[in-house]
1. Please go through segment 177-203 and give me each residue that is open to solvent by 30 Å² or more (accessible area, probe 1.4 Å), within 27 Å of Gly102 (Cα to Cα) and not in a strand (DSSP E or B), ordered by number.
2. Inside segment 215-229, can you point out the residues that are touching a Pro at 6+ places or on another chain (Cβ under 7 Å) and either in contact (Cβ under 8 Å) with a residue 24 or more places away in the chain or at positive phi (or both)?
3. For residues in segment 226-262 being crowded, with 24+ Cβ neighbours inside 10 Å and charged (D, E, K, R), which is modelled with the lowest pLDDT?
4. Taking only segment 265-307 into account, find how many residues are over 20 Å from Pro227 (Cβ atoms), free of Cβ contacts under 8 Å to residues at least 60 places away in the same chain and β-branched (Val, Ile, Thr).
5. Restricting attention to segment 204-213, and to residues there that are touching a residue at least 60 places away in the same chain (Cβ under 8 Å) and assigned to a helix (DSSP H, G or I), which single residue is nearest to Gly165 (Cα to Cα)?
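The values are calculated or read from the model by the stated rules, or taken from the named source; none is laboratory data. Because the structure is predicted, anything quoted here is derived from the model rather than measured. We place every Cβ from the backbone using ideal geometry, glycine too, and count neighbours over all the protein chains shown. Heavy atoms of the whole protein, side chains included, go into the accessibility calculation; ligands, DNA and RNA do not. Shrake-Rupley method; radii C 1.70, N 1.55, O 1.52, S 1.80 Å.
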Amino acid sequence: MAVRRTRSESLPARGIAVGAVLLLLSPLAACRDETTASPRATAKELASSAPSGNSSAGVPSSPSVPSGAGSPTPAETPGQGATDPAPGGSTSKKPKVLQGGGFASAVPGSDAPDRKVDVGPQYAVSEGLDIKEVERLVKAVEKIAKEQRVGQPLATVGSVAGAVGTFSYRWFADGSVQPDPSWVAANIRTEAVPILGNVTGHKVLFPQLRGALNEVVARGLADQIDPSQFGGCYVPRFIAHDPSKGLSLHTWGIAVDLNVPGNQRGTFGQMNRDVVAIFKKWGFAWGGDWSYTDPMHFELNRIVRAR
């Protein structure tokens, strides 16, 4: 929800509008470098008081990661919508221009609401289909079913929205977002996971991300995920950096981008489909199923646990 100052027709109406803005932004008073603006503060004064950060990475300055959380948030790589420069790119810092604030009352269902129905693994068959080929396909499907039973079966135990919480936030001209530091401190963590190493994300993400990656390793597929091509997890911003598109699930730290260079938006992608199946088993939706594909992107869409 974007908040901007509007011109009221009367002084009382103007007072109500200003009061609403101040009330909305008040939970963020703990932000470092936050300045106290009077009701008559101009847009230029607000902009000059906004905390500086790396606008090219779309990541807020240090208050967005709690103390003790570990390494800084990884910069997002190309391919996640209209995304930012890859890690190792420009590091020049530019002041961010504060645009307003909002309140994330519920986690969006997806970074792509037009996700297609997942029909599962598909296999091509020749025109001259014979019984031997049918038997081969049946064995292939049986093999997948057997591999999917590795480890314990999973049960859905709650909604993502209920698990990740809500927060107020400030947003900036570059499309980046700065969530309430108290929500960040309570929920965002940096933890070590298989294959990828240290990842910064929501605490509810890690059991399922770790479960999926452990299964990837157990099934001999670890070489199908390149840790040097990891595109990040907690990257607070709007989808494609566009406020009209809503908050990305990266803002909650519940989405990861894997093998970025070979899995750009709008392509079939090179993501190993057995890896995709494992992530789906562990409660992730895959961007490769969307009508405008994003095969690098995996987002948490249900909470599961081993039983």
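1. Ser182, Ala185, Ala186, Lys203
2. Step one: list which residues in segment 215-229 are touching a Pro at 6+ places or on another chain (Cβ under 7 Å), which gives 217, 229.
Result: Gln229, single match.
3. Among residues in segment 226-262 that are crowded, with 24+ Cβ neighbours inside 10 Å and charged (D, E, K, R), the one modelled with the lowest pLDDT is Arg237.
4. Of the residues in segment 265-307, 2 are over 20 Å from Pro227 (Cβ atoms), free of Cβ contacts under 8 Å to residues at least 60 places away in the same chain and β-branched (Val, Ile, Thr).
5. We begin by selecting, within segment 204-213, every residue touching a residue at least 60 places away in the same chain (Cβ under 8 Å); these are 204-205, 207-209, 211-212.
Of the ones still in play, those that are also assigned to a helix (DSSP H, G or I) are 205, 207-209, 211-212.
On the way: Leu205: 13, Pro207: 17, Gln208: 17, Leu209: 19, Gly211: 22, Ala212: 23 Å.
Only one residue tops the list, namely Leu205.
Rundown of residues vs (1) in a loop (DSSP other than H, G, I, E, B); (2) open to solvent by 50 Å² or more (accessible area, probe 1.4 Å); (3) in contact with a helix residue (DSSP H, G or I) (Cβ under 9 Å, 6 or more places away or on another chain); (4) of a type in the set (S, T, N, Q), yes/no style:
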position: Gln264; (1), (2), (3), (4): yes, yes, no, yes
position: Gly269; (1), (2), (3), (4): yes, no, yes, no
position: Val275; (1), (2), (3), (4): no, no, yes, no
position: Phe279; (1), (2), (3), (4): no, no, yes, no
position: Ala285; (1), (2), (3), (4): no, no, yes, no
position: Gly288; (1), (2), (3), (4): no, no, yes, no
position: Thr293; (1), (2), (3), (4): yes, no, yes, yes
position: Phe298; (1), (2), (3), (4): no, no, yes, no
position: Val304; (1), (2), (3), (4): no, no, yes, no
